[in-house]
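The next block holds one structure in the form of structure tokens; read it before the comments.
Here, each number is a calculation from the coordinates, and none is a lab measurement. Small disclaimer: the values here were computed from a predicted structure and weren't measured. Using ideal geometry, Cβ is built from the backbone for each residue, glycine included, and neighbour counts are taken over all protein chains shown.
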Amino acid sequence: MSLRSGKRRGRTAGGELPPVAPRQRTTTAIESTIGPNTHVKGTIQGDGGLRVEGIVEGTIELTGNLVVTESAKIRANIKANNISVAGAVQGDVTATRVEILETGRVWGDLTVKSLLINEGAYFRGQTLMPQDLKPPQLQGPTQANAGSGPDAGTVVDVKPSSK
């Protein structure tokens, strides 16, 4: 009996269990870790997720997620899917989603679709959100809504009376 579905897999006519399709890997899992006593210089590229606890200088390019822990110090341009920053990052960042946690510090420009900055976090740079959203159009009142009469639409200065 499968613990996940609660259903029993049916057997084939020969009494064998049918083949199970292999699980597809997702890019959300953290596959690699740079430990707290590690200092990396250069380019890091990967299809999976990365957790940084140490120091990285150079470039980080991931199709997966990046987790920057409190002990991490990164001086690099970063491209990743989702980025969570609890440590220090200096460099330009391109991602789908960036979250700067309360202990996180970021110096650099962000190109993101979604940005979350928690209370207590530090961010110095510019943010670009390259989406095709248009700002709301503000329209003045129409004649139908402006009222009627000779003073309709006239601004009147009201001064308090002196007694």
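Annotations for the structure displayed:
- Net charge over other residues, Cβ less than 10 angstrom from the Cβ of residue 126 (K, R count +1; D, E count -1): -1
- Across all C-alpha atoms in region 30-123, the radius of gyration and Dmax reach 11.5, 33 Å.
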